[in-house]
Amino acid sequence: MAASILLARCGVHGGTFGIRIEKRESDWVSTWAFPIDDGKAKREGFDKTKITGAFRSVEGYPGCPQCGADELVQCGCGKMICYKEGKTFGTTEKKSEKRSERKAESNSFRCPWCGFKIKEINEVESFTVKSGKF
């Protein structure tokens, strides 16, 4: 069975975490997640992981170790972010943004990897993920 570690960042707190994934039939399946600092992730080579295909979680997947979100989204930069509809993604906003502006745009959030403002989430059958450089 092929298995690997995919990196993601918390959409609420911005911290990096690893997701253990394994190939089951034609899908990549996330089985557990753990916090990890950027330096250790790089030393372990987790920043070089690349997968292509369908991606799902098994029942009992604990989700993000920082906020508990159990869904993942991929930013246009290609990196993964935890996501839970209705949560306030507030720690990566620009300091110049006012609270009222953040509340008015509660359906959007910033990528903790690149800072891009994500306004729309689309479901896809298959995609390519590369953990990438820090």
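The values are calculated or read from the model by the stated rules, or taken from the named source; none is laboratory data. All values reported here derive from a predicted model rather than from experimental measurement. Neighbour counts run over all protein chains shown; Cβ positions are idealised from the backbone, glycine included.
Things to note:
- The residue list F89, F109 contains one member that is modelled with pLDDT under 80 and of a type in the set (A, V, I, L, M, F, W, C), which is F89.
- Residues in region 4-31 that are among the charged types (D, E, K, R) and in a strand (DSSP E or B) were compared, and the one that is nearest to the chain's Cα centre (by Cα) is R9.
- Region 22-63: number of residues that are without any contact (Cβ under 8 Å) to a residue 60 or more places away in the chain, among the polar types (S, T, N, Q) and surrounded by 14 or more Cβ atoms within 10 Å (Cβ to Cβ): 3
- Qualifying positions in region 75-86 - of a type outside the set (V, I, T), outside any loop (DSSP other than H, G, I, E, B) and at pLDDT 90 or above: M80, C82
- Test result for V73, closer than 16 Å to C10 by Cβ and either in contact with a strand residue (DSSP E or B) (Cβ under 9 Å, 6 or more places away or on another chain) or not basic (K, R) (or both): yes
- Beta carbons closer than 8 Å, at least 6 apart along the sequence or on distinct chains, pair a first residue in region 64-80 that is within 15 Å of T52 (Cα to Cα) with a second that is in a loop (DSSP other than H, G, I, E, B) and of a type in the set (A, V, I, L, M) for V73/I121.
- Of residues in region 32-73 being of a type in the set (G, A, S), over 15 Å from the mean Cα position of the chain (by Cα) and not in a loop (DSSP other than H, G, I, E, B), the one nearest to L7 (Cα to Cα): G39
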